[in-house]
Amino acid sequence: MAENQAHSHIAKDIAENDVVLFMKGTPVMPQCGFSATVVRVLNHMGVAFKGVNVLESMEMRQGIKEFSNWPTIPHLYVKGEFVGGCDIVRDMFQSGELETLFKDKGVKAA
Amino acid sequence: MAMDAAEIERMIKVALPDARVTIEDLAGDGDHYAAHIVSAAFKGKSRLQQHQMVYQALKGRMGNELHALALQTSAE
């Protein structure tokens, strides 16, 4: 997969899904503590999301970092907007900002 | 591959001269740190932008030599 292919894959995933988590591993089998933390937050909130395993190709793993201008994995996107990585998502969850964000964006949470 | 806390602090202060930086070594392996950074430069910036400013200060080391840096940023 060439680099620009990775970018178009990413753009497509973001455009076609309300909530996308670019992560290491899969939602069922996260392969990194930080990715697992965000999966737990989203599951706890009952928010449906698409998990994209960036470990499947080096171009994807590098491409997402350039695409978001963010050096670590995971990356959470909500309605096409980059929200942040593990720290930011956890902080927003604890402060209630994440719930507000989902409400504002019309994303269904349990 | 690792970084020591003093090096992380030095790089952050080069980019954010007024920054007050406290760093905690989470695992003792030079790879997992938590940092609390206070700088007026963060004023008016979103949390995401504040963290991106810190990553830029670390000039590509974040996600490479430095595997994990739990960040807390504030303007004052």
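The values are calculated or read from the model by the stated rules, or taken from the named source; none is laboratory data. Note that this is a predicted model, so its numbers are computed, not measured. Virtual Cβ from ideal backbone geometry, glycine too; neighbours counted across all protein chains shown. Quick note on the areas: whole protein, heavy atoms, side chains included, nothing else; ligands and nucleic acids left out. Shrake-Rupley method; radii C 1.70, N 1.55, O 1.52, S 1.80 Å.
Within the stretch A:78-110, which residues are touching a residue at least 40 places away in the same chain (Cβ under 8 Å), open to solvent by 10 Å² or more (accessible area, probe 1.4 Å), more than 20 Å from B:A68 (Cβ to Cβ) and under 14 Å from the mean Cα position of the chain (by Cα)?
Listed by number, the residues that qualify are A:K79, A:G80.
Table: residues versus (1) among the hydrophobic types (A, V, I, L, M, F, W, C); (2) surrounded by 15 or more Cβ atoms within 10 Å (Cβ to Cβ); (3) part of a helix (DSSP H, G or I).
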{"position": "B:D18", "(1), (2), (3)": "no, no, no"}
{"position": "B:G28", "(1), (2), (3)": "no, no, no"}
{"position": "B:Y33", "(1), (2), (3)": "no, yes, no"}
{"position": "B:H51", "(1), (2), (3)": "no, yes, yes"}
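Under the condition of being within 13 Å of the chain's Cα centre (by Cα) and small (G, A, S), which residue from the stretch A:48-72 is farthest from the other protein chains (Cβ to nearest Cβ)?
A:A48
Do we have B:G63 as surrounded by fewer than 16 Cβ atoms within 10 Å (Cβ to Cβ) and without any contact (Cβ under 8 Å) to a residue 12 or more places away in the chain here? Show your work before the answer.
On the way: surrounded by fewer than 16 Cβ atoms within 10 Å (Cβ to Cβ): no; without any contact (Cβ under 8 Å) to a residue 12 or more places away in the chain: yes.
Spelling it out, it is not the case that B:G63 is surrounded by fewer than 16 Cβ atoms within 10 Å (Cβ to Cβ) and without any contact (Cβ under 8 Å) to a residue 12 or more places away in the chain.
For the stretch A:21-53, name all the residues that are under 20 Å from B:L69 (Cβ atoms), open to solvent by less than 10 Å² (accessible area, probe 1.4 Å) and in a helix (DSSP H, G or I).
A:S35, A:V38 - these are the residues of the stretch A:21-53 that are under 20 Å from B:L69 (Cβ atoms), open to solvent by less than 10 Å² (accessible area, probe 1.4 Å) and in a helix (DSSP H, G or I).
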